[in-house]
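Let me begin by presenting the structure, written as structure tokens, before commenting on it.
The values are calculated or read from the model by the stated rules, or taken from the named source; none is laboratory data. Since the structure is predicted, the reported quantities are computational estimates derived from the model, not experimental observations. Cβ sites come from the backbone with ideal geometry, for glycine too, and all protein chains shown count toward neighbours.
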């Protein structure tokens, strides 16, 4: 374990767990949802609003930060958290996922991945060594290894090749020096194949990482396959380390994963959907653009006590969206992150009380007349 | 005077005054700057951020609100302040200024002004009667009369014609029924001609309005002409009523006007300039987009204690602007409104202490090394 970083499981309810991650910059109660602060900002929000939503750790995207403002600017500013005035822990991804999303613009080899910056077209080579070095400069509390993430429709051979290269790179990266107190998480690939996932889990788990993530989920595969993999793999991940599923998901995805022993999540869904007018409410979603809300005096979610729902009416939010006032993007984002914050808070409470199963059933119930 | 509305001059320093406007929704210490909440939102800000900047009254634009969401939607929501969750007084303009800005799209007669909506092209007739009725529906605490505002380069004949039509409409509007407790301010035209301004002031002041505004300033005329008119007309406006100069201005414009006895201001400058990256700082301005701020650890204005300057560094703000993160628009707007809030607070204090002249001189001093 990295000095200054630790994890403890405090309660269990079936496979579901309540735990506590300790980092040099603060504690993270788990299960935890990490809002995405792509370019050193959770879009539309002040860091205090993020904190007040119930989030205790943020995710930053290495790909975006290495291009702008550049990792050395962040290092000289005291690291990512200090740069963005966030008073708490951060996790950075490796940059690989964004690079792979560029598709035709990149070229993969054992050495690393060559890509062209989306900002100015400049060619960049992201190697395992560089992924660690950039994150060391960013100074996040948790760094992710550079892995190879095949698309959801990749065939078994392609998945196997991605696994093997991920293992090769994982071994290299355990030997690279990181920032003081910076934990390093390994990533398990294997697509929707249980045997591959188990084999890769065993390999990655043997390398002594501070935590283990499942990558390559929610990348286009059917939901049933993702849920099957979560059920088969989650409980077999190391008990004494944080377990993180990258890039998921809906509130129901989170509950499904928590049931199978997952501790950490990140996803752009609550923030991105907010900017499209979509609010998560108990039992479903609503889109504030709809004309039926033009004179609706109710808050977004009458059961919610977030700063948006305590103060603003649907008719006002709908007006703001309709005329393009940016305040509404903030208010919907606050609400959605609060919804996720509440979900994880209630999950932790239910696990402590041994009632997680009921919470999961209750959350899925549709509510009429949204 | 309208029931529930009153004004008191509390202190004087030369022609400069400190006063208090009382409205049904709260008090306004004067001199007061009114942030512009065009479409029922001060762009980028939460109403609490507006309040915390030192603003006690907001301006809403009748033209925009009558088109979207429509004044009846606002009426049914409990009026403008309640609709936008602003806990304080509001002032609405008449809609005339925006309509005249449409230029070729409008047609003016004694009856009113015919225009095409910028939203859907629909033809609308804004009459003096309708301007009062719409503002009654909006339920602002202070309603402005519909006037005719000629451009800054209009000749004397055109200015005279605008004055005469404004007087005709003013008389009509004093007879139209307003919302309960809603004050009505008259508007003085006359361009940059002192004799016309004085004649029109006399006429408008005779109609018993709750307050008097100078319109048709900062519409393209030279600054010297505006300052000359402020010096000549300000002190001759009724002593016992609020005096409002519409649509100005820079911090130095405000100080100039306050010196000549003006009590109220509104302007998009602090909010609009913020969205272009420009921050008002003591002794000047800075544009956060500039590369020289890329690694500058100072706050926008080291002498400022606004929520932006207390927490965020120039290098972070510059990064946010550079990558297009909307948080920076909010933070710069907060800072700029705070700058205006501080300016009026310090003006009130200086007038009470009899040191307004020194404040005005000091504020204009350039500060090195912004």
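Structure data summary
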quantity: Residue among A:14, A:79, A:37 that alone is touching a strand residue (DSSP E or B) at 6+ places or on another chain (Cβ under 9 Å), under 22 Å from residue A:248 (Cα atoms) and at pLDDT 95 or above; calculated: A:37
quantity: Filter result for the condition that a residue is closer than 29 Å to residue A:60 by Cβ and within 14 Å of chain B (Cβ to nearest Cβ), over A:258, A:288; calculated: A:288
quantity: Close pairs from segment B:218-242: first on the phi > 0 side of the Ramachandran plot, partner surrounded by fewer than 17 Cβ atoms within 10 Å (Cβ to Cβ), Cβ under 8 Å, at least 6 apart; calculated: B:220/B:151; B:220/B:152; B:220/B:153
quantity: Residue in segment A:221-244 that is under 30 Å from residue B:326 (Cα atoms) and either touching a helix residue (DSSP H, G or I) at 6+ places or on another chain (Cβ under 8 Å) or surrounded by fewer than 22 Cβ atoms within 10 Å (Cβ to Cβ) (or both) present; calculated: no
quantity: Boolean, residue B:277 is at pLDDT 95 or above, more than 17 Å from residue A:85 (Cβ to Cβ) and within 14 Å of chain A (Cβ to nearest Cβ); calculated: no
quantity: Members of segment A:322-342 found to be surrounded by 22 or more Cβ atoms within 10 Å (Cβ to Cβ) and away from chain B (no Cβ under 11 Å), listed by number; calculated: A:332, A:335, A:336, A:337, A:338, A:339, A:340, A:341
quantity: Meets criteria (buried (at least 23 other Cβ atoms within 10 Å of the Cβ), in contact (Cβ under 8 Å) with a residue 24 or more places away in the chain and part of a loop (DSSP other than H, G, I, E, B)) for residue A:177; calculated: no
quantity: Wholly enclosed strands (runs of 3 or more DSSP E) of segment A:250-303 bearing at least 3 residues more than 18 Å from residue A:30 (Cβ to Cβ) and in the same structural domain as residue A:10 (by TED's automatic domain parsing); calculated: none
quantity: Matching residues, segment A:22-44, being within 19 Å of residue A:352 (Cα to Cα) and either within 14 Å of chain B (Cβ to nearest Cβ) or in contact with a helix residue (DSSP H, G or I) (Cβ under 8 Å, 6 or more places away or on another chain) (or both); calculated: A:29, A:30, A:31, A:32, A:33
quantity: Residue check for residue A:125: more than 14 Å from chain B (Cβ to nearest Cβ), without any contact (Cβ under 8 Å) to a residue 60 or more places away in the chain and touching a helix residue (DSSP H, G or I) at 6+ places or on another chain (Cβ under 9 Å); calculated: no
quantity: Complete set of residues in segment B:50-62 that are crowded, with 21+ Cβ neighbours inside 10 Å, assigned to a helix (DSSP H, G or I) and away from chain A (no Cβ under 11 Å); calculated: B:62
quantity: Members of segment B:280-320 that are in contact (Cβ under 8 Å) with a residue 60 or more places away in the chain and surrounded by 19 or more Cβ atoms within 10 Å (Cβ to Cβ); calculated: B:280, B:281, B:306
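Rundown of residues vs (1) assigned to a helix (DSSP H, G or I); (2) within 14 Å of another protein chain (Cβ to nearest Cβ), yes/no style:
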| position | (1), (2) |
| --- | --- |
| B:64 | yes, yes |
| B:73 | yes, yes |
| B:94 | no, no |
| B:119 | no, yes |
| B:130 | yes, no |
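Table: residues versus (1) part of a strand (DSSP E or B); (2) under 23 Å from residue B:186 (Cα atoms); (3) in contact (Cβ under 8 Å) with a residue 60 or more places away in the chain.
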{"site": "B:12", "(1), (2), (3)": "yes, no, yes"}
{"site": "B:29", "(1), (2), (3)": "yes, yes, yes"}
{"site": "B:48", "(1), (2), (3)": "no, no, no"}
{"site": "B:88", "(1), (2), (3)": "no, yes, yes"}
{"site": "B:100", "(1), (2), (3)": "no, yes, no"}
